[in-house]
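The values are calculated or read from the model by the stated rules, or taken from the named source; none is laboratory data. Bear in mind that the values here come from a model prediction, so they are computed numbers and not experimental data. Cβ sites come from the backbone with ideal geometry, for glycine too, and all protein chains shown count toward neighbours.
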Amino acid sequence: MKILSIESSCDETAAAVTEERRVLSNIVATQIAEHRIYGGVVPEIASRRHTEAISAVCAEALSRAGTSYGDIDAVAVTFAPGLIGALLVGVNFAKGLSLALGKPLIPVHHLRSHIAANYISNPELKPPFLCLLVSGGNTVLAEVSDYTKFKIIGGTRDDAAGECFDKTARALGLDYPGGVTLDRTATCADSIKYPLPYPQVSSGEFDFSFSGLKTAVMNLVNNLSQKGEKPDVPVLCATVRQRVCDMLIDKTIGAALKYGYKTVAVAGGVSANSELRVRMSAECSKRGFALFYPELRYCGDNAAMVGVQAYYEFKDGNTGGSSLNAAATLPIDYR
Ligand code: KG4
């Protein structure tokens, strides 16, 4: 079954052609350069750029896969969660295509597709497993009991892990997108010396909180600046990265032990973080857990992962019609 999939939930306009877990083409038109001057994604600009790019990106995906609209068996699209205006561009384009081609429309949840990025790179991975989903807008620990069945066992109470990295990077004047630059800068540090807190969550054993860490960084930078001093940027980046990784790893391992999972996956843009990958691998191998990551090229937003998840959604009967709407927020375990 050949699926043309579309992703436009944030600042990448992406299209792919997939067959089950196989990627025939994967095109991503990024808007990073455009949002860089603002230090973050401007939703209105993102929607406009998606509108301009989507037709050409889909045509390129078909051409690279050596196929055409006539050969496609279904059209898949990210419909939630994300920036509403950006999502609507993809959803409406996909609805038009599905109607014109007379092919099924498959709505895909963005976080489910991030998990599916793992299926592309790891053919042996299948549910059940525990997944840590860490991206710019979400931090969720979920049980993946089947390809389309999820149970949330923890999540962030405030900021997402990626947001904490991005805002810290911005406060330190690092280049956008911040998480990647912070990771690279932290790797040059020779110590971890700043007394940053480990934010605690009083209820919810597997919940996370990152906003206190972000605020502590801002306060530290402001206090130093009032004294005419500057932070040691690599050391501060390394300290923040270590704190975030500690929280993510502790909760994930704790949840795997409590719920009896021996297979763990990490997904989302932050799964590209170099310290998280190395330390999570070490912690999992210590306990005999199998650990899975997407390849780096599938960690960020892309449409190949949407197509792979769409295949499983279709098998489960989850198709949409002309009344499909986008949603800015929707939990991964929606019904
Ligand atoms: O999954 P994603 O591409 O978009 C969302 O769906 O949110 O995730 C983007 C997030 C951003 O916060 C970005 O800074 C972060 O992933 N990110 C990283 C790294 N690469 C991307 N954070 C830490 N280390 C990285 N290497």
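For the reader, a short list of remarks on this structure follows.
- Failed item in (1) within 16 Å of the ligand (Cβ to nearest atom); (2) under 24 Å from residue 277 (Cβ atoms); (3) surrounded by fewer than 17 Cβ atoms within 10 Å (Cβ to Cβ), with residue 190 passing the rest: (1)
- Filter pass, residue 305 being in the same structural domain as residue 142 (by TED's automatic domain parsing) and either surrounded by 20 or more Cβ atoms within 10 Å (Cβ to Cβ) or free of Cβ contacts under 8 Å to residues at least 24 places away in the same chain (or both): no
- Any hit, the stretch 279-292, residues being in contact with a helix residue (DSSP H, G or I) (Cβ under 7 Å, 6 or more places away or on another chain), among the small types (Gly, Ala, Ser) and within 16 Å of the ligand (Cβ to nearest atom): no
- Residue check, residue 220 touching a residue at least 24 places away in the same chain (Cβ under 8 Å), assigned by TED's automatic domain parsing to the domain that holds residue 174 and within 16 Å of the ligand (Cβ to nearest atom): no
- Residue identified as under 26 Å from residue 166 (Cα atoms), in contact with a Pro (Cβ under 9 Å, 6 or more places away or on another chain) and surrounded by fewer than 16 Cβ atoms within 10 Å (Cβ to Cβ) among 32, 37: 32
- Selection status of residue 185, within 14 Å of the ligand (Cβ to nearest atom), modelled with pLDDT of 95 or more and within 20 Å of the chain's Cα centre (by Cα): no
- Against the conditions (1) more than 13 Å from the ligand (Cβ to nearest atom); (2) assigned to a loop (DSSP other than H, G, I, E, B); (3) in contact with a Lys or Arg (Cβ under 6 Å, 6 or more places away or on another chain), residue 213 satisfies every one except (2).
- Odd one out for residue 271 among (1) surrounded by 20 or more Cβ atoms within 10 Å (Cβ to Cβ); (2) out of contact with any His (no Cβ under 9 Å at 6 or more places or on another chain): (2)
- Residue count, the stretch 253-272 (criterion: touching a helix residue (DSSP H, G or I) at 6+ places or on another chain (Cβ under 7 Å) and away from the ligand (no atom under 11 Å from the Cβ)): 4
- Inter-residue pairs, beta-carbon under 6 Å, first farther than 18 Å from residue 51 by Cβ and in the stretch 90-106, second buried (at least 17 other Cβ atoms within 10 Å of the Cβ) and polar (S, T, N, Q), 6+ apart: 105/98
- Qualifying residue in the stretch 184-197 (condition: closer than 21 Å to residue 301 by Cβ, in a helix (DSSP H, G or I) and not assigned by TED's automatic domain parsing to the domain that holds residue 38): yes
- Contact map, the stretch 111-125: first residue touching a residue at least 24 places away in the same chain (Cβ under 8 Å) and under 12 Å from residue 295 (Cα atoms), second residue in a helix (DSSP H, G or I) and among the small types (Gly, Ala, Ser), Cβ cut-off under 8 Å, separation 6 or more or different chains; pairs are 117/304; 120/304.
- Verdict on residue 305 being away from the ligand (no atom under 12 Å from the Cβ) and assigned to a helix (DSSP H, G or I): no
- Residues being more than 13 Å from residue 245 (Cα to Cα) and surrounded by 14 or more Cβ atoms within 10 Å (Cβ to Cβ) - total across the stretch 274-294: 7
- Top-ranked residue of the stretch 308-332 - restricted to ones that are within 16 Å of the ligand (Cβ to nearest atom) and not in a helix (DSSP H, G or I), ranked as surrounded by the fewest Cβ atoms within 10 Å (Cβ to Cβ): 329
- Taken as a whole, the stretch 12-25 holds at least one residue that is modelled with pLDDT of 95 or more, closer than 17 Å to residue 96 by Cβ and either more than 15 Å from the ligand (Cβ to nearest atom) or under 19 Å from the mean Cα position of the chain (by Cα) (or both).
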